[in-house]
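Reviewing the structure listed below.
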Amino acid sequence: INFKLTGYYNGGMYSSMPYRLNWEKAVGGKGGFEELVEYAQANGFGVYPDFDFVYAQFGEAFDGLNYKKHYVKTIDNRYTAKREYSATYQTFVSYFQMAISPAYYAHFYEKLSENYLKYNYGNISVGTLGSDLNSDFDEDEPYNREDSKEFTVDMLKKISEDYENVMADGGNAYALPYVDHLLNVPLD
């Protein structure tokens, strides 16, 4: 059994970019996380704190996120957010999670890993990194989906070298060599 921990850090369910690492006090803070990991290891189940590098809630102070530099832009120069089609509303619904330019995934991962690798715990979940590709039409740094795929594969490769077990949500073919556990894989 493996548990994905969503909302366990930097603001809970509405966390910003995984740049710094502050465990949520409501779920036990740093000590609670360490206690949970110890219990999981003693009882043979996996715990995977989920860090999403593809989308972030609107930035907080000191989260390392600069909307002008890091957010994805559309072809008409607007910032874009994660949206999904809702059959109930028969329209697209926004989660107010801004898409992050794939060129900056490594920037945020390096800072997070400085903090998270200190725990010497080999499990990590990387959210939608295995499933979502976003183009960035920024005039200064434009990236198409193939560029995004290259940044994503490089990031997944680095993560799989740093961690023993990697979990992702969804999962495209390019992610398969680098992840150990996939959630919500489509059947069609």
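The values are calculated or read from the model by the stated rules, or taken from the named source; none is laboratory data. In this text, all values refer to a predicted model and were calculated from it rather than measured experimentally. Cβ sites come from the backbone with ideal geometry, for glycine too, and all protein chains shown count toward neighbours. These accessible areas exclude ligands, DNA and RNA; they are computed on the full protein's heavy atoms, side chains included. Shrake-Rupley method; radii C 1.70, N 1.55, O 1.52, S 1.80 Å.
Taking the Cβ of I124 as the center, what net charge do the other residues with Cβ under 15 Å away carry, scoring Lys and Arg +1 and Asp and Glu -1? For residues surrounding I124, the net value is -4. Per-residue Karplus couplings for region 179-188, computed as 6.51 cos²θ - 1.76 cosθ + 1.60 with θ equal to phi - 60°, are listed in order as 10, 9, 9, 10, 10, 6, 6, x, 8, 10 Hz, Gly and Pro entered as x. Separation of region 104-141 from region 1-76 is 11 Å, based on Cα centroids.
Between A87 and R145, what's the calculated FRET efficiency when r is the beta-carbon distance and R0 is 41 Å? Round to 0.05. My answer for the efficiency is 0.95. A 1.4 Å probe, protein heavy atoms only, puts the accessible area of Y109 near 0 Å². Amide H contacts under 5 Å for L5: Y48, D50, restricted to partners 5 or more places along the chain or on a different chain, H placed in the peptide plane at 1.01 Å from N. Around the amide H of Q97, modelled in the peptide plane, lie the amide H atoms of K82, all under 5 Å away and 5 or more residues distant in sequence or on another chain.
Counting only protein heavy atoms, what percent of the accessible surface of the chain is carbon or sulfur at a 1.4 Å probe? In the chain, the share of accessible area belonging to carbon and sulfur is 49 percent. Distance check, please: which entries in K30/K68; K30/K111; K25/K158; K4/K149 exceed 27 angstrom between their Cα atoms? From the list (K30/K68; K30/K111; K25/K158; K4/K149), the Cα-Cα distance tops 27 Å for K30/K68; K25/K158. Rolling a 1.4 angstrom probe over the protein heavy atoms with all chains in place gives the chain an accessible area of 56 Å² per residue. Pairwise Cα separations in the chain fall into 5 Å bins from 0 onward with the following percentages, short to long: 1, 8, 16, 20, 21, 17, 10, 5, 2, 0, 0. Taking 17 Å as the cut-off, the amide N atoms of region 94-114 that come nearer than this to a point 7 Å along the Cα-to-beta-carbon line of M13 belong to 94-97. Calculated [222 nm] ellipticity per residue, helices only, for the chain: -8000 deg cm²/dmol; basis is -39500 (n - 2.57) per DSSP H run with n ≥ 4, divided by all residues, nearest 500.
Couplings 3J(HN,Hα) of region 44-53, computed from phi: x, 10, x, 10, 10, x, 9, 10, 9, 9 Hz, in residue order, whole Hz [Karplus 6.51 cos²θ - 1.76 cosθ + 1.60, θ = phi - 60°; x for Gly and Pro]. If r is the Cβ-Cβ distance from Y174 to K118 and R0 is 30 Å, what FRET efficiency results, to the nearest 0.05? With a Förster radius of 30 Å, E is 0.50. Ordered from highest to lowest accessible area with the whole protein assembly present and a 1.4 Å probe, H70, H107, H181 read as H107, H181, H70. In summary, the aspartates and glutamates within cross-link reach of K73, defined as a Cα separation below 12 angstrom excluding same-chain residues under 8 places away, comprise D136, D138, E139, D140, E141.
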